1. Using a Gaussian network model on the chain with a 10 Å cutoff between Cα atoms, which of ILE59, ILE30, ILE111 fluctuates the most?
2. So if I take the centroid of the Cα atoms in the range 1-63 and the same for the range 86-138, what is the distance between those two points in Å?
3. Taking all protein chains in place and a 1.4 Å probe, what share, in percent, of the accessible surface of the range 1-159 do carbon and sulfur account for?
4. Ordered by packing density, taken as the mean number of other Cβ atoms within 10 Å over each peptide's residues, highest first, how do 135-143, 31-39, 71-79 rank?
5. Would you list the P(r) distribution for the chain, with all Cα-Cα distances sorted into 10 Å bins from 0 and each bin expressed as a whole %?
Amino acid sequence: MSIRFGIGVDVHPFVYGESLVLGGVNVPHIQGLAGYSDGDALTHAVIDALLGAAGLGDIGTQFPSSDEKYRGAASVGMLTQVVDMISEHDWQLQYVDSTILAEQPLLGPYIGEIRVALASAMHVTNDLVSVKATTTDGLGFVGRSQGIACMAVATVETLT
């Protein structure tokens, strides 16, 4: 048996005219996140953590912005593809822990829904996914409400 860990980090600036999507959930806010796909920084961090744990590169390698089919794509769909991809390489997701850094909007009311959406996209039970949110107490670009940063750690296991 082999166990690996992967870390993912993603940062996107706020922009007007886009929806705010985090973990596949539309969160009401006056701005969304800029991005080639749907700008879902949380899902992108989870994708990078899973790909890193399985030794399969990163989101830019697997879903290049040069490929038009990913323009505006739902990131949770890419997450499902990544879970299938790591499975094809004999890795099984064991746990994902994630943190959203955002001064606004307040995310507490949406954490449960985000957790369920991520678990569903990864074909796992909710108890294998952790989602937390915090602020930076007014510090940095997140504290100035210029964007959102997300971090994730994934644990994968293989029996081969």
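The values are calculated or read from the model by the stated rules, or taken from the named source; none is laboratory data. These figures come from a predicted structure and were not determined experimentally. Methodologically, a virtual Cβ is constructed for each residue, glycine included, from the backbone with ideal geometry; neighbour enumeration extends over all protein chains shown. These area figures cover heavy atoms from the full protein model, side chains too; ligands, DNA and RNA do not enter into them. Shrake-Rupley method; radii C 1.70, N 1.55, O 1.52, S 1.80 Å.
1. ILE30
2. 11 Å
3. 53 percent
4. 31-39, 71-79, 135-143
5. Each 10 Å bin holds this share of Cα pairs: 12, 43, 34, 11, 1.
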